[in-house]
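Only one structure is covered here, and it is reproduced in the block below.
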Amino acid sequence: MRVTYELDPPEAAHALALIESVGRADGPEHARGRVVAQDGDRVVLEFPDANWAGDVTLLVSSLLAGEWADSAAFSRCRLVEAEWPVGLLPGPAFAAPDEVLVGAIVKPSLGLSPSEVAETAASLAAGGADLVKDDELLGDIRSCPLEERVRAVAAAIPPHVRYAANVTGPADSLLGRAARAVGLGAGALMVNAFAQGLDSVRALRAADLGVPIFAHRVGAALLVRDPRFGVAPTVVAEVTRLCGADYVQVGSFTGSVYDTPDEVRAQIGACHRELPGVARAVAVLGGGVSPENAGEQIEAAGIRSGVMVLLGSAAYERGSLTEAVRTTVSSVRPNTALEIA
């Protein structure tokens, strides 16, 4: 496994390789990380595949958020590229379709009853949404229990519209919640991947529940926003895809989220670039996306395949949710003819 860091001071490269592997200069050779290339402040390290295999928690503990971030030896240490061993992680179960998708979030985030969530979801679906999802703040709470909510939404929307129920919550019952949600009619599952832990995506993928996984990136900004320490957004997007996410959030071109336009395009590339045995993920453009600017998002992305525009609060400013979604669909798929019930 090879990874590239931007490092200061550059002469600390060997120390970084040790911190991320054996921890001591006299550590065993077969597990030792090595510096294999260096160009100024960019250093390429190589590690034996056997050090972590497909254990996502250990990969994160070493390469993405390791003790190097604690060390006073570095004034800059940022993971900017990774070459993943073939077969390390499974990737998406559902290949990204060759089209632009439209998704929508049920709002307000909290305070709705299950029947109110279902009513809102039905309005979004009637406009032509391909996917309707919970907000990341809505879990399995007393005022809107997950099972009751899924049952209500599944009864209110057409079967071809996926409802991504948020199964984020206590780790020991994650898979049980997910299986129950699917059994009650959820057409997709959402998990707050960086709050729950990236391995939650891999666990849901391994459970093979027959529906796609939407990995919400809440919390990822704490890894990527500091230009001195952390991880490049492209690496975060790619490892999320590798863990098994079918939908990967990549920011937007609206200016309402931290990603620069170049970073958004690079993350779309990370969702799509060829990796042996790994399907493409849908790159989800979200954050300030509205019926008025959705078409501009696709134009800025420069691609009309394997991407989704995700409507949030802006869809609720028109009065008619159905009309807001319908307008969005028309702007990103102008040749689509919709029959609205």
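Annotations
- Mean shadow area of the stretch 68-174 over all directions, Cα convex hull, nm²: 11.3
- Against the rule of thumb 2.2 N^0.38 Å, how large the Cα Rg of the stretch 167-292 comes out: 1.06
- With N as its number of residues, the stretch 262-309 has a Cα radius of gyration that, divided by 2.2 N^0.38 Å, comes to 1.18.
- Using alpha carbons only: equivalent-ellipsoid semi-axes of the stretch 1-158, gyration tensor based, whole Å: 46, 17, 15
- Carbon and sulfur %, accessible surface of the stretch 1-143 computed with the full protein complex present, 1.4 Å: 50
- Rough spin-label spacing in nm, given labels placed 7 Å along Cα→Cβ, for Leu110 and Ser320: 3.3
- By DSSP, the beta bridges lying fully in the chain are antiparallel in about 40 percent of cases.
- Each of Ser71 and Tyr258 was given a label point 7 Å from its Cα along the Cα-to-Cβ line. The distance between the two points is 2.3 nm.
- The stretch 163-227 - Rg over Rh from alpha carbon coordinates, Kirkwood radius: 1.01
- Residue of Asp140, Asp41, Asp246 that the Gaussian network model of the chain assigns the largest fluctuation, springs spanning Cα pairs under 10 Å: Asp41
- Computed E for Ile303/His14 - FRET, C-beta separation, R0 30 angstrom, nearest 0.05: 0.15
- Per residue, in Å², the accessible surface of the stretch 118-271 once ligands and nucleic acids are set aside, probe 1.4 Å: 36
- Where N is the number of residues in the chain, Cα Rg divided by 2.2 N^0.38 Å: 1.04
- Taking all pairs of distinct alpha-carbon atoms in the stretch 207-246, Kirkwood radius in angstrom: 11.3
- Translational diffusion of the stretch 245-325, estimated by Stokes-Einstein from the Kirkwood radius over alpha carbon pairs at 4 °C in a medium of 1.567 mPa s, is 99 µm² per second.
The values are calculated or read from the model by the stated rules, or taken from the named source; none is laboratory data. Computed from a predicted model, the values in this text were never measured in an experiment. As a convention, Cβ positions derive from the backbone with ideal geometry for all residues, glycine included, and neighbour counts pool all protein chains shown. Ligands, DNA and RNA are stripped out before the accessible areas are found, and what is left, the full protein with its side chains, is counted by its heavy atoms. Shrake-Rupley method; radii C 1.70, N 1.55, O 1.52, S 1.80 Å.
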